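Have a look at the structure below, then the notes.
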Amino acid sequence: EDVERLVAMGVVEAGDGAGGGDGGGEFRVDLGLLRLGVGLLDVPLSQEAILAARKVLIEHSRAVAHELSQLFRGEVSERAARDVRSLSASMQPVVVQALLTTFQRSLREELRGW
């Protein structure tokens, strides 16, 4: 049951020969999501709620990434490719931290409203 939930969350993917009822088979694991997925196994939310939350996060994360890339593209359009790669590498951790901090604050405000 836990493996089925992890598959549904996209944490684990059945590989060739997986399943078959014998308990064997191979699975591919998204190591970036494994810790999160295992943590969600004990959260008292339905699978449907977890999948809906995942969809919301993916859609909004893609939208943020797209808009920020458009914003930064204008800033780096005149620079050499090497400079753009360097800027991208240095900006990614800053943007991730800013996104995390902003989300935590927004979530805290929402929860206070409850």
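The values are calculated or read from the model by the stated rules, or taken from the named source; none is laboratory data. Note that this is a predicted model, so its numbers are computed, not measured. Here the Cβ is made from the backbone with ideal geometry for all residues, glycine too, and neighbour counts use every protein chain on show.
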Check: Listed residues ARG62, ARG73; which is under 27 Å from GLY10 (Cβ atoms), assigned to a helix (DSSP H, G or I) and among the basic types (Lys, Arg)?
Finding: ARG62
Note to self: Consider region 61-114. How many of its residues are at pLDDT below 90 and touching a Leu at 6+ places or on another chain (Cβ under 7 Å)?
What the structure shows: 2
Checklist line | Any hit, region 29-49, residues being over 12 Å from the mean Cα position of the chain (by Cα) and in contact (Cβ under 8 Å) with a residue 40 or more places away in the chain | finding: yes
Note to self: All but one of (1) modelled with pLDDT under 90; (2) β-branched (Val, Ile, Thr); (3) surrounded by 11 or more Cβ atoms within 10 Å (Cβ to Cβ) hold for ILE58; state the number of the condition that does not hold.
What the structure shows: (1)
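Considering region 76-114 alone, what residues qualify as being part of a helix (DSSP H, G or I) and farther than 30 Å from VAL11 by Cα? Steps first, please.
Start the filter on region 76-114 by keeping residues that are part of a helix (DSSP H, G or I), which leaves 76, 81-113.
Across region 76-114, the qualifying residues are VAL76, ALA81, ARG82, ASP83, VAL84, SER86, LEU87, ARG112, GLY113.
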Note to self: Criterion first (touching a helix residue (DSSP H, G or I) at 6+ places or on another chain (Cβ under 9 Å) and closer than 26 Å to GLU4 by Cα) does LEU87 satisfy it?
What the structure shows: no
